[in-house]
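One structure below.
The values are calculated or read from the model by the stated rules, or taken from the named source; none is laboratory data. In this text the structure is predicted, and so the values were computed from the model without any measurement. Counting neighbours? That spans all protein chains shown, and the Cβs are built from the backbone with ideal geometry, glycine included.
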Amino acid sequence: MLQHLCRLTVIAVFVASLLGAAPSANAGGASQYVPGELIVSLTDDAVLPAITATFNLDPVPLERFGQNPIYRLRILSNEKPDRLARMIARDPRVDFAEPNYINSVPSGTQRSLWAKAMGEGDYTAQWAGTMIGLSNAHQVTRGAGVTVAVLDTGIDPGHPLFAGRLVPGYDFVDLDNDPREIATGDPGALYGHGTHVAGLIALVAPEARIMPIRVLNEYGMGNVWVLARALAFAVDPDGNPLTNDGADVINLSLATLQKTKMLQEVVSALNCSPDEAEALAAIASEGTESKKKLKLPRCDRGVIVVAAAGNTADETLSFPAAEAVKVKGVLAVAASTQDDSLAAFSSRGGWVKIMAPGEQIVSSLPGGAYGAWSGTSMATPLVAGSAALVRAIQPDLKADRIVIHLIRTATKIRGPAPNRLNAAAAVLNRP
């Protein structure tokens, strides 16, 4: 179940999924998924007809994941996706099979709680920037030359804060090239979330480029398949791995409480191992001698993935943030308070290595407005922006080294999350 990691002024967990199909609970009631479909990864394309025939799946895929033998398939029977996925996963011709997990935002949250009358002065002078030493960091770098992808509810491209800062993105909700936030009728409680998150990237790295990618609708609905597709787009928007148009840093102020093989594989691929880079380069060269020594963009250094740890107030794992345990270049972010302690609502645990201000954080809202919001959703872009600052001064540094550097230069405090982001120390003390 996908969890959108923000809080308003009340202590509540905001759970949001990706893309708006209606959820369907499994037998245990714990997980939810898009009804009537599965994500299936095959050992070879050639076995697709046999697999679909054996398990009563539509032989015409709903969608394929790039050129990989990974498919989104429609179930033709009345079998529940979770049960059928377990059956299919046991087939030796299948690498993995799983439901396309989703969830929805709990009711009871009112948009008016965050739509306060605030201005740019409240944004630029807020406590979070002072806490992480932004003014000192900006004397060294402001993030020029770095692109940060924001996968969220979209963005208000007309907000003055984003003038001259945006690069083309994509809307995976409406499937068009306009990833703006959309409100139909009465805006949902999470409308404005993406604009708020992107504004915090601009606060920390004001000269970095922002790539808005809409994967959540105004109600915070979506699915794992769309998130995976969006991650792939973020690193290679034009579909040509030899062009340098992808993101250097990806901000994920969202997550799933359900561990999925699909997300694990995609996030792992964002930080190409030497073997993967060599294999991809060989494919790209297509046997041409002059190209065999080419390195694909970012496969030699990886993409930094900064993900919200969650607002569960305990040690519950959220993904892909929790992939940081095994995947290099991924950093899980908790939220801290103005008294420099872990926020009561924030997830925590040994898998969370850094926290950042996440309480009453001021940023942009649709319509040229500003407002305060709280949650690990807000802490995450502060870390992503800081990662952009480090990458700006060390453009060839590998993603995992930047993650380690942010942790090592963090301010040490007592408590269950001992490392609080220090942007100034990160750029003043080079890796």
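Here are some notes:
- Scanning the range 157-171 for residues that are surrounded by fewer than 24 Cβ atoms within 10 Å (Cβ to Cβ) and touching a residue at least 12 places away in the same chain (Cβ under 8 Å) yields 157, 158, 159, 160, 161, 162, 165, 166, 167, 168, 170, 171.
Residue-by-condition table, conditions (1) on the phi > 0 side of the Ramachandran plot; (2) modelled with pLDDT of 90 or more; (3) touching a Gly at 6+ places or on another chain (Cβ under 6 Å); (4) not assigned by TED's automatic domain parsing to the domain that holds residue 71:
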residue: 244; (1), (2), (3), (4): no, no, no, yes
residue: 251; (1), (2), (3), (4): no, yes, no, yes
residue: 257; (1), (2), (3), (4): no, no, no, yes
residue: 262; (1), (2), (3), (4): no, yes, no, yes
residue: 269; (1), (2), (3), (4): no, no, no, yes
residue: 287; (1), (2), (3), (4): yes, no, no, yes
residue: 311; (1), (2), (3), (4): no, no, yes, yes
residue: 319; (1), (2), (3), (4): no, no, no, yes
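- Selection count, the range 60-92, where residues are in contact with a Pro (Cβ under 6 Å, 6 or more places away or on another chain) and more than 27 Å from residue 233 (Cβ to Cβ): 1
- The one condition in (1) over 25 Å from the mean Cα position of the chain (by Cα); (2) modelled with pLDDT of 85 or more that residue 27 fails to fulfil: (2)
- The sole residue among 347, 341, 386 that is in contact (Cβ under 8 Å) with a residue 60 or more places away in the chain, hydroxyl-bearing (Ser, Thr, Tyr) and farther than 22 Å from residue 210 by Cβ is 341.
- At least 1 residues being β-branched (Val, Ile, Thr) and touching a Leu at 6+ places or on another chain (Cβ under 9 Å) is the threshold, and among the strands (runs of 3 or more DSSP E) wholly inside the range 340-405 those reaching it are 354-357, 361-365.
- Taking the conditions (1) in a loop (DSSP other than H, G, I, E, B); (2) buried (at least 19 other Cβ atoms within 10 Å of the Cβ) in turn, residue 128 satisfies each one other than (1).
- Any hit, the range 57-71, residues being modelled with pLDDT of 95 or more, surrounded by fewer than 16 Cβ atoms within 10 Å (Cβ to Cβ) and in a helix (DSSP H, G or I): no
- Some residue of the range 97-112 being surrounded by fewer than 19 Cβ atoms within 10 Å (Cβ to Cβ), outside any loop (DSSP other than H, G, I, E, B) and modelled with pLDDT of 95 or more: no
- Strands (runs of 3 or more DSSP E) fully within the range 164-263 counting 1 or more residues that are out of contact with any Ser or Thr (no Cβ under 8 Å at 6 or more places or on another chain) and over 29 Å from residue 81 (Cα atoms): 209-214, 249-252
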